[in-house]
Amino acid sequence: MGKVVVVGSINVDMVFTSDIRPKAGETVIGNSFSLIPGGKGANQAVAAAKLGAESVMIGCVGLDTNGDFAIDNLNSVNVDTHCIDIVHDIPTGVANIIVAENDNSIIVVPGANYEVNKSIIDKYSDIILSADIVLVQLEIPLETVEYTLELCNKNNVRVLLNPAPAVELTRTMIENASYITPNEHELNIILGKDSNIEEEIKKYSNKIIVTLGSKGVKYFNGKEVVLIPSYEVEVVDTTGAGDTFCGALASSIVGGYSLDEAIKFANRAAAYSITKLGAQSGMPTLKQLTMNNEN
C-alpha cells in the first residue's frame, strides 16, 4: 500500500472486572484482570499495519515493563517501532479501567505520552516527511499536534487529524489538516459551537469526515453531502472502532483509493472490529476483511 506515520499516544490498559463497583474506602473482590495494549496512536498504527500499510509509530514510553509490553505488541503486528523514544524518569502511559455494573470507570495517566514534544518531531522530521500520510490524535500535547500539522502542511504531506479527546481547534489547525475525523459530539467541540453537521461540512470540502456510529459517515465531496451507510453487524465490543476507522482510512488513502471508496473501506473495517472482543485484537487484517466481504 503506502507509508503511514503515526504521531501519538502509547498506553497500557489495566482492566479490572467486578460485579460491584467499589465505593470510597471500600475493597471488593474482582472477577478478572487484563493488561491490554492501547493508546489512540498505537491503536491506529496497529489498524493500518494489519491492513497492509507500512506503519511507523512515533511516540514515547517509559523505561518499564509496560513500555516493553507496548513495544513488543507493536512489533508483533509489524509496526515499525524505531521512532519510539524511551523516557527514563516518567512511566509509560496507563489507563486504569474498572468494568462493573454494566458500565466502566477510567483513570488515565498520560505519563510518557506528554513527552512527545516538538523536539521529538524535529528528531524524526525526516520520517514524518517521508510519509504518504501522517496520523495524529489529541492524546499528546496540543502544541505538538499543531507543530506536526504545520510541518506537514509546509511540506505538502497529507495529514489525518483524529480530534480525540476533543478540544476546540484553531482555524489554522483545521486548515493545515488534510482530513479531520470527528464524531458528532466531537464536531461541536472542535468548532466551539453547536453545529448543524451538513452546514459545517459544506465549508470543508473533502476534509471533515463525521462518523455517526450506526448511522454511517457524512462528508461533503464538493458537490453534495454524502452519507455512507454503516454495516449491520452483531455488536460484541465497540472499543477501538473509531481507531480502526482512522487507521483503515489512512491505509486505504495511501493505497490509492478515492476518498469515497476509502471511507467505505474504513467503515467496513470498523464494522468488522466491533464483532470481536478487544480494540487491537479485534482489528481485521486485510485478508480477514476481504474474506468477510466475500461472505
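No lab work stands behind these numbers, since they all come straight from the coordinates. From a predicted model like this one, the values you see are computed outputs, not experimental measurements. Every residue, glycine among them, receives a Cβ derived from its backbone with ideal geometry; neighbour counts consider all protein chains shown.
Looking only at segment 138-295, where both bridge partners belong to it, what percent of the DSSP beta bridges are antiparallel (to the nearest 5)? Within segment 138-295, antiparallel bridges account for around 60 percent of the total. For a straight C-alpha distance cut-off of 17 angstrom, the aspartates and glutamates reachable from LYS3 (same-chain residues fewer than eight places away being disregarded) are GLU54, ASP80, ASP126, ASP132. Cα centroid separation, segment 153-193 to segment 63-83: 28 Å.
Computed over the chain, the per-residue total of -39500 (n - 2.57) for DSSP H runs of n ≥ 4 gives a 222 nm mean residue ellipticity of -10000 deg cm²/dmol, rounded to 500. Restricting everything to alpha-carbon atoms, can you work out Rg to Rh for segment 56-172 with a Kirkwood hydrodynamic radius? The Rg/Rh ratio comes out at 1.00.
Annotation: the antiparallel percentage among DSSP beta bridges lying fully within the chain is about 40. Given +1 at the Cβ of Lys and Arg, -1 at the Cβ of Asp and Glu and no other charges, the dipole of segment 183-284 around its Cα centre is 240 debye to the nearest 20. Taking the three principal axes of the alpha carbon atoms in segment 127-274, the coordinate ranges are 42, 35, 31 Å, sorted in descending order.
Could you tell me which of the pairs LYS118/LYS218; LYS40/LYS123; LYS154/LYS223; LYS40/LYS202 are separated by over 31 angstrom between their Cα atoms in the structure shown? Flagged as over cut-off: LYS118/LYS218. Note on the chain: GNM, Cα springs under 10 Å; of LEU212, LEU74, LEU51, the largest mean-square fluctuation is that of LEU212. Spin-label model, THR285/ASN156: points 7 Å from Cα along the beta carbon direction are separated by 3.7 nm.
For the chain, the fraction of alpha-carbon pairs lying more than 28 Å apart is 35 percent, rounded to a whole number. When Rg and the Kirkwood radius Rh are both evaluated on Cα atoms of segment 58-100, their ratio Rg/Rh stands at 1.04. Under 5 Å from the amide H of ASP80 lie the amide H atoms of SER55, VAL56, MET57, each residue being 5 or more positions distant or on a separate chain, with H modelled from the backbone and absent for Pro and chain starts. Spin-label model, GLU199/ILE106: points 7 Å from Cα along the beta carbon direction are separated by 3.1 nm.
Using the Cβ-Cβ distance between LEU142 and ASP122 with R0 set to 22 Å, the FRET efficiency works out to roughly 0.80.
In terms of surrounding Cβ atoms within a 10 Å radius of their Cβ, SER214, SER9 rank from fewest to most as SER214, SER9.
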